[in-house]
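None of the figures in this text is laboratory data; all of them are computed from the coordinates on show. Computed from a prediction, not measured in an experiment: that's the story for all the values here. Cβ sites come from the backbone with ideal geometry, for glycine too, and all protein chains shown count toward neighbours.
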Amino acid sequence: MDHLEQKSQCVKKWWILSAIGGLVFALLLLWLAGSGLTGAIIAGILVAVIAGLILSKVQCPDQSVPTSAPAAKPAQAQPVTAPTPASAASVAPAAVASTVPTAAPAAAKKPAAKKAPAKKAAPKASAAKPATAKAPARKPVAADGKPEMLTAARGGVADDLKLLKGVGPKLEQTLNALGVYHFDQVASWRKKEIEWVDDKLKFKGRIERDDWIKQAKVLAKGGETEFSKRSKKT
């Protein structure tokens, strides 16, 4: 019988005894005290319940029964058989060979290779950079403001000054007569030089109004302006 069955039987026994005690208590109340039947029954039930709870807890506590591990079976001794002379003779050399450490053949030491002396790196020849020729300083503006003029076009070919907005055929002839043949000349004019050239023209203020200097800088570098593009198409 296991622990749970023992406990249930114990609890059942004490509840039965408690019920009997409650019944006896109710009968005593009816006989001795002369109380009513209902009151005696209720008092007997309360006594039985209280007694059953207390006695079942006190008399039937939880007990953990340790389970015993099964005993290990003793190992059966195996009969020792004596080695035969033939087997002993064959095992002996092998055992001796296994117990005697085999000497590893000494590794032949290779002579250390002599390191070749490190070659000194030849000093790099510093390539001498050719000195960049500085652009000649511009001459200061003349006292009267006259810019540098040419007696003829370079290489005999003048730039088409009519690609400057505001320059027509007659005005181009006037500029050539003054000594202006190329865009870079116009692009280099400074304020006082602009005033000098402007005095030689019929329409005053055209140079700054049409922004000849900005146009000439673009055309001198081989670029195109909106006006020069339109002029070439016509």
Practice item. Keeping to region 46-63, report how many residues are exposed (fewer than 15 other Cβ atoms within 10 Å of the Cβ) and free of Cβ contacts under 8 Å to residues at least 40 places away in the same chain. Key: 8
Point to revise | Candidate set from region 151-169 (those that are in contact with a helix residue (DSSP H, G or I) (Cβ under 6 Å, 6 or more places away or on another chain) and charged (D, E, K, R)); member that is surrounded by the fewest Cβ atoms within 10 Å (Cβ to Cβ) | key: LYS162
Point to revise | Where a residue in region 157-169 is under 17 Å from ASP211 (Cβ atoms) and its partner, wherever it lies, is of a type in the set (Gly, Ala, Ser) and in a helix (DSSP H, G or I), with Cβ under 7 Å and at least six apart | key: LYS162/SER231; LEU163/SER228; LEU163/SER231; LEU164/ALA216
Check your understanding: Among the listed residues GLU172, GLU148, which satisfies the condition of being surrounded by fewer than 17 Cβ atoms within 10 Å (Cβ to Cβ) and out of contact with any Cys (no Cβ under 6 Å at 6 or more places or on another chain)?
Key -> GLU148
Practice item. Could you pull out every one of the helices (runs of 4 or more DSSP H) wholly within region 172-234 that has 1 or more residues that are free of Cβ contacts under 8 Å to residues at least 12 places away in the same chain and aliphatic (A, V, I, L, M)? Key: 212-220
Exercise for review: Looking only at region 147-157, decide whether some residue is part of a helix (DSSP H, G or I) and either of a type in the set (Asp, Glu) or closer than 14 Å to LYS200 by Cβ (or both).
Suggested key: no
